[in-house]
Amino acid sequence: MIIRMEGYGIFIYSGTVAKDTYEYFKNKNIDLQEYAEYLDNPESSNLQIPKEHDFVDGGCLYDVDNLWCLSGAELTSDCILSVDLENGDDDWECDLDSDTLEELGIKTKCISSSPGMIGDLPSGTAVFMARETTEGVQFNENRIISSSDFDPTKLEIYYHEYIDAYIVKHIKYDGREYYGNDREWDTEYKDFKWHLRT
C-alpha cells in the first residue's frame, strides 16, 4: 500500500536574531526579500549590510533555523491524500481539508506549534521567519504494512501548527509511524518576515 499527499505544501524555517540587528533592518527600512536577493548575489546588490548585522554570517537564510525547520503537506483542500492499494482494486483518495478528514474518521493531532514556541521565548527576542509555498509530492510512503484494504479510521495525521496553517509532519497507519521522506516539489512563493516577542 502506498500513501501519497500531493498538491500544495509549506516549507518553514525560523530562528532568533540579535535585537539590535532586527532594529537595524527596521530603522534602515531593509526588506527581507531584498536581503535574500543580496545574499544570492551580493556583488550586484546596492545593499551594504554591516558585518555585525549580516545575520546569516556568510551562509544563507536556510541556516537561520534554530527554532524550527520543516516541510510538508498543508491540511487544505488544495492537497490530495491518495492511497494505492497495489492489489488491482480501485485507488482511494480524498482532500486534506480538516472537515473532510473528520467526516472520514481520519484522526488529526497537533504535536508542535510555532505560536507556542514563540510564546516560550523571552520578551524582546527578535525572530526571523520564512515560509515557502510548495507544489508537488509532499509525502510519499510505499512501505505501508496492511493485512487488508485501506481503512481510513486506522489513519492518524500528526501536524505542526504554523501561524495560519497546519503542516503534516508524519502519519500513523494501524499503529505504525511513517515519515514519507520521498518528496518532490517546487517552490512557488517565498515570504519572509520579522516578529518581535513582546
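Going by what's in this entry, would Glu102 be described as of a type in the set (D, E, K, R), assigned to a loop (DSSP other than H, G, I, E, B), more than 30 Å from Asp63 (Cα to Cα) and open to solvent by 80 Å² or more (accessible area, probe 1.4 Å)?
For Glu102, the condition - of a type in the set (D, E, K, R), assigned to a loop (DSSP other than H, G, I, E, B), more than 30 Å from Asp63 (Cα to Cα) and open to solvent by 80 Å² or more (accessible area, probe 1.4 Å) - is not met.
For (1) under 19 Å from Gly9 (Cβ atoms); (2) touching a helix residue (DSSP H, G or I) at 6+ places or on another chain (Cβ under 6 Å); (3) loosely packed, with under 14 Cβ neighbours inside 10 Å; (4) aromatic (Phe, Trp, Tyr), each residue gets a yes or a no:
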| position | (1), (2), (3), (4) |
| --- | --- |
| His53 | no, yes, no, no |
| Asn66 | no, no, yes, no |
| Asp91 | no, no, yes, no |
| Cys94 | yes, yes, no, no |
| Gly116 | no, no, yes, no |
| Gly119 | no, no, yes, no |
| Pro122 | no, no, yes, no |
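Against the condition assigned to a strand (DSSP E or B), without any contact (Cβ under 8 Å) to a residue 60 or more places away in the chain and within 22 Å of the chain's Cα centre (by Cα), how does Ile111 come out, does it pass?
In short, yes.
Considering only segment 131-149, state which residues are of a type in the set (D, E, K, R) and either part of a strand (DSSP E or B) or at positive phi (or both).
Arg131, Glu132, Glu135, Glu141
From the residues in segment 5-22 that are under 16 Å from Cys60 (Cα atoms) and among the hydrophobic types (A, V, I, L, M, F, W, C), which one is least open to solvent (accessible area, probe 1.4 Å)?
Among those residues, the one meeting the criterion is Ile12.
Which numbered condition in (1) at pLDDT below 95; (2) open to solvent by less than 20 Å² (accessible area, probe 1.4 Å); (3) closer than 30 Å to Tyr24 by Cβ is the only one that Val83 fails?
Val83 satisfies all of (1) at pLDDT below 95; (2) open to solvent by less than 20 Å² (accessible area, probe 1.4 Å); (3) closer than 30 Å to Tyr24 by Cβ except (3).
Does Cys94 meet the test of being closer than 16 Å to Leu70 by Cβ and modelled with pLDDT of 95 or more?
Here the answer is no, as Cys94 does not meet what is asked.
Which residues, counting only those in segment 23-49, are surrounded by 14 or more Cβ atoms within 10 Å (Cβ to Cβ) and among the hydroxyl-bearing types (Ser, Thr, Tyr)?
Tyr24, Tyr35, Tyr38, Ser45
Residues to consider are Phe150, Phe139; find the one that is open to solvent by less than 30 Å² (accessible area, probe 1.4 Å) and either of a type in the set (Ser, Thr, Tyr) or under 11 Å from Gly72 (Cα atoms) (or both).
None of the other options fit; the residue is Phe139.
State which residue is surrounded by the fewest Cβ atoms within 10 Å (Cβ to Cβ) when the search covers only segment 153-176 and only residues that are more than 17 Å from Gln138 (Cα to Cα) and among the basic types (Lys, Arg).
Among them, the one singled out is Arg176.
The values are calculated or read from the model by the stated rules, or taken from the named source; none is laboratory data. Keep in mind the model is a prediction, meaning the values are calculated, not measured. A quick note on method: Cβ atoms are made from the backbone with ideal geometry, for glycine too, and the neighbour counts reach across all protein chains shown. We work out accessible area using only protein heavy atoms, side chains counted, and drop any ligands, DNA or RNA first. Shrake-Rupley method; radii C 1.70, N 1.55, O 1.52, S 1.80 Å.
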